[in-house]
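Enquirer: Please find one structure pasted underneath; my questions will follow.
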Amino acid sequence: MASSSLFPCLSVFFCTISIMAPLTAGQLDYSYYDRACPVLPRIIRWNVWSALRNDSRIAASLLRLHFHDCFVNGCDGSVLLDDTNDFEGEKNAAPNRNSVRGFETIDNIKADLERACPLTVSCVDILTLAAREVVVMSGGPFWPVLLGRRDGLTASEKAANDQLPSPFEPLDKIAAKFTDKGLNLRDVVVLSGAHTIGFAQCFAFKRRLFNYQDSGKPDPILDSSMLSNLQSTCPEEGSNTKITPLDIQSVTQFDNAYYRNLMSNTGLLESDQALMSNSETADMVKSYSLYPYLFYQHFAASMVKLGNVGVLTGETGQIRKVCGSVNYYN
């Protein structure tokens, strides 16, 4: 049984939301755009709903895009920037190349906002709000989002390669990368739960299927029936870019099935299943598998923390006119 300290306010989930973050953090504020751009919430929701209607994968894509932005030198919209003569951006970094998506949705939101409220709402705030909306629209929790982040002026392919966690890394190395961002081990377990939606390409898990750790055999932990299905989907000499659901139980529903999968050794990624190899993280997995509202509560709290990593405020950075490029005239 999990420690009772894990269960504050569990019977009334929303009672925790109001205490997950202070009213302001630095120069961020919940009501930052209320006067300058009152249509912001409506524009975000409409575009996210429209994108989800056309592509159910976009929920996971936008959530991942936000994570990949904040994890590389902080939440500054750098992942949205195209390469220039001055820098090689993050889009072509190994964890992102032919993988991150959702840029068109962010661009559509930005275009609508530029018509309604020119040079007012930052691209990073758009991405942060869009990530929250896709979780809510997929059945997950709501959390308050502090606003007023500014867009960064540069991006770095090398930083993305160095700082983003990899599905091939051991748990201790992933945890160290979270610590570097001011996040903790619970955040590792909770934010990994975002894999309750979305897909992974074969290359991200194929080594578990045929030659795990150069053994010439599959990963012995992986459930045998799941192994057989995955070997059919991703044959050893076949395509590395085919996709399969991260959570086969509820592909588009944001829920706690991801943790139940780990309990039954059906986690898709090596880094996911590794959460069961550590007693502390395994206890958390068990708790989240049993108590969905505990997961929702902690996921909301971790998303607030993630969204406040390394933000730019005040006169630092800028408000981009187009999310893929810096305003060089500012």
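Enquirer: Can you give the calculated 222 nm mean residue ellipticity of the chain, where each DSSP H run of n ≥ 4 adds -39,500 (n - 2.57) and the sum is split over every residue, rounded to the nearest 500 deg cm²/dmol?
Expert: Numbers: 13 runs with 135 residues, N = 330.
Estimated from H runs of four or more residues: -12000 deg cm²/dmol.
Enquirer: Calculate what fraction, in whole %, of the accessible area of the stretch 106-214 sits on carbon and sulfur atoms when a 1.4 Å probe is rolled over the protein chains. Could the numbers behind the result be given before it?
Expert: On the way: 2000 of 3790 Å².
So the carbon and sulfur contribution to the accessible surface is 53 percent.
Enquirer: Using a probe radius of 1.4 Å on heavy atoms only, what accessible surface per residue do you get for the chain? Whole Å² is fine. Can you show the working numbers first?
Expert: Details: 14780 Å² over 330 residues.
Per-residue value: 45 Å².
Enquirer: For the stretch 262-275, in order, what is each residue's ³J(HN,Hα) by Karplus, 6.51 cos²θ - 1.76 cosθ + 1.60 with θ = phi - 60°, in whole Hz (x at glycine and Pro)?
Expert: Once θ is set to phi - 60°, the couplings for the stretch 262-275 become 5, 5, 9, 6, 10, x, 6, 8, 4, 5, 6, 5, 5, 4 Hz.
Enquirer: Counting only residues 5 or more places away or on other chains, whose amide H sits under 5 Å from the amide H of E88 once H atoms are built in the peptide plane?
Expert: Those qualifying (amide H under 5 Å, at least 5 residues apart or on another chain) are E157.
Enquirer: Pop the C-beta distance of N211 and S277 into the FRET formula with R0 = 35 Å and round what comes out to the nearest 0.05. Intermediate results must be reported in sequence, preceding the final value.
Expert: Numbers: r = 20 Å, r/R0 = 0.56.
After rounding, the FRET efficiency stands at 0.95.
Enquirer: Would you kindly give the portion of the calculated P(r) for the stretch 63-152 that falls above 23 Å, as a percent of all Cα pairs? Can you show the working numbers first?
Expert: Working: 918 of 4005 pairs.
Summing the P(r) tail past 23 Å for the stretch 63-152 gives 23 percent.
Enquirer: Next question. Return the sequence-ordered ³J(HN,Hα) values of the stretch 223-239 in whole Hz as given by the Karplus equation 6.51 cos²θ - 1.76 cosθ + 1.60 applied to θ = phi - 60°, using x for Gly and Pro.
Expert: 3, 5, 5, 5, 4, 4, 5, 5, 5, 6, 6, 10, x, 4, 9, x, 5
Enquirer: Can you tell me what percent of all Cα-Cα pairs in the stretch 104-166 are more than 18 Å apart?
Expert: Values: 1023 of 1953 pairs.
It works out to 52 percent of all Cα pairs.
Enquirer: What list of ³J(HN,Hα) values in whole Hz, one per residue of the stretch 42-51 in order, does the Karplus curve 6.51 cos²θ - 1.76 cosθ + 1.60 (θ = phi - 60°) give from phi, with Gly and Pro shown as x?
Expert: Rounded to whole hertz, the list is 5, 5, 4, 4, 4, 5, 5, 4, 5, 5.
Enquirer: Which cross-chain or sequence-distant (5 or more) residues have an amide H under 5 Å from the amide H of F199, H modelled 1.01 Å from N in plane?
Expert: For F199, whose amide H was placed from the backbone, the distant partners under 5 Å are L246.
Enquirer: Here's something else I'd like to know. So who's got an amide H within less than 5 Å of the one on L312, skipping anything under 5 residues away but keeping other chains? H placed 1.01 Å off N, in plane.
Expert: Amide H neighbours of L312, under 5 Å, 5+ apart: R150.
Enquirer: Right, here's the next one. If contacts are Cα pairs under 8 angstrom and at least 6 residues apart, what is the relative contact order of the chain in percent? It would help to have the intermediate numbers written out before the result.
Expert: Details: 543 pairs, mean separation 87.8, N = 330.
Answer for the chain is 27 percent.
Enquirer: Moving to a separate point now. Return the subset of K217/K305; K173/K206; K177/K286; K158/K321; K206/K286; K91/K286 for which the Cα-Cα distance in this structure is over 29 Å, preserving the input order. Intermediate values should be presented prior to the final figure.
Expert: Details: K217/K305 40 Å; K173/K206 21 Å; K177/K286 24 Å; K158/K321 26 Å; K206/K286 26 Å; K91/K286 35 Å.
Result: K217/K305; K91/K286 exceed 29 Å.
Enquirer: May I pose another question? So for the chain, Kirkwood radius off the Cα pairs, Stokes-Einstein at 25 °C and 0.890 mPa s: how many µm² s⁻¹?
Expert: Values: Rh = 20.4 Å.
Diffusion coefficient, whole number: 120 µm²/s.
The values are calculated or read from the model by the stated rules, or taken from the named source; none is laboratory data. Remember, it's a predicted structure, so these values are computed and weren't measured experimentally. All Cβ positions, glycine included, derive from the backbone under ideal geometry; neighbour counts span all protein chains shown. These accessible areas exclude ligands, DNA and RNA; they are computed on the full protein's heavy atoms, side chains included. Shrake-Rupley method; radii C 1.70, N 1.55, O 1.52, S 1.80 Å.
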